[in-house]
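Taken together, the values in this text are just the output of simple stated rules run on the coordinates, not laboratory data. A quick note: this is a predicted structure, and the numbers were derived from the prediction, not measured. Neighbour counts are summed over all protein chains in view; Cβ atoms, including those assigned to glycine, are modelled from backbone coordinates with ideal geometry.
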Amino acid sequence: MDAAGTTGPRTGTVPLPGRESARAPVVAESAGAGGQPVAVVDDDDSVRRSLERLLAAGGIPTVTFASAEEYLAAGAGIDFRCLLLDIHLDGISGLQLAAGLAARGGAVPIIFLTGSDDELATAAIAAGHASAVLRKPIDVAALRAAITQATLASP
């Protein structure tokens, strides 16, 4: 229970290290949750909120971003457990973000999210840019398994 007398996930924004004027996107965690957060990058607000609630209910801290640009500006300094990344984002696409992170030597495991069967996502997995592709609507068991597998497979 928080100071306001409510229970459940806590959400808010926090200053980022070294960027006192910048604010991080929404951070959610369940009481007592620990460990590395999972990043969610999706331009659909309802998908971000749903994944945030689902992960928080499982005790997994979460940081959400509405775009690849937002992730690059605010999330680059955070050590994430994995990245749940929508393939089809406005601006920089999820595929472009994954390729850019890989080119920079990024080690965060990526799980692509898509609303359609996407050959590009399959190609990204083959190229080593992602550990899994999940089709929306997301199956909870498949999501948990993909996060576990991505976490165990990461260096």
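What is the order of Val133, Val63, Val140, fewest Cβ neighbours within 10 Å to most?
Going from sparsest to densest Cβ surroundings: Val140, Val133, Val63.
Sketch the reach of a paramagnetic label on Asp79 as a point 7 Å from Cα along Cα-to-Cβ, and name the residues of region 106-123 whose backbone nitrogen lies under 16 Å away.
106-109
For region 37-53 and region 118-142, compute the distance between their C-alpha centroids and round to whole Å.
16 Å
Pop a pseudo-label 7 angstrom from the Cα along the beta-carbon direction at both Ile92 and Gln36 and give the gap in nm to one decimal.
Simple spin-label model gives 1.9 nm for this pair.
Take Ala127 and Arg49, extend 7 Å from each Cα along the Cα→Cβ direction, and tell me the distance between the two endpoints in nm.
About 3.4 nm separates the two model spin labels.
Describe numerically, in nm with one decimal, the distance between label points set 7 Å from Cα along Cα→Cβ at Asp139 and at Ala57.
1.8 nm
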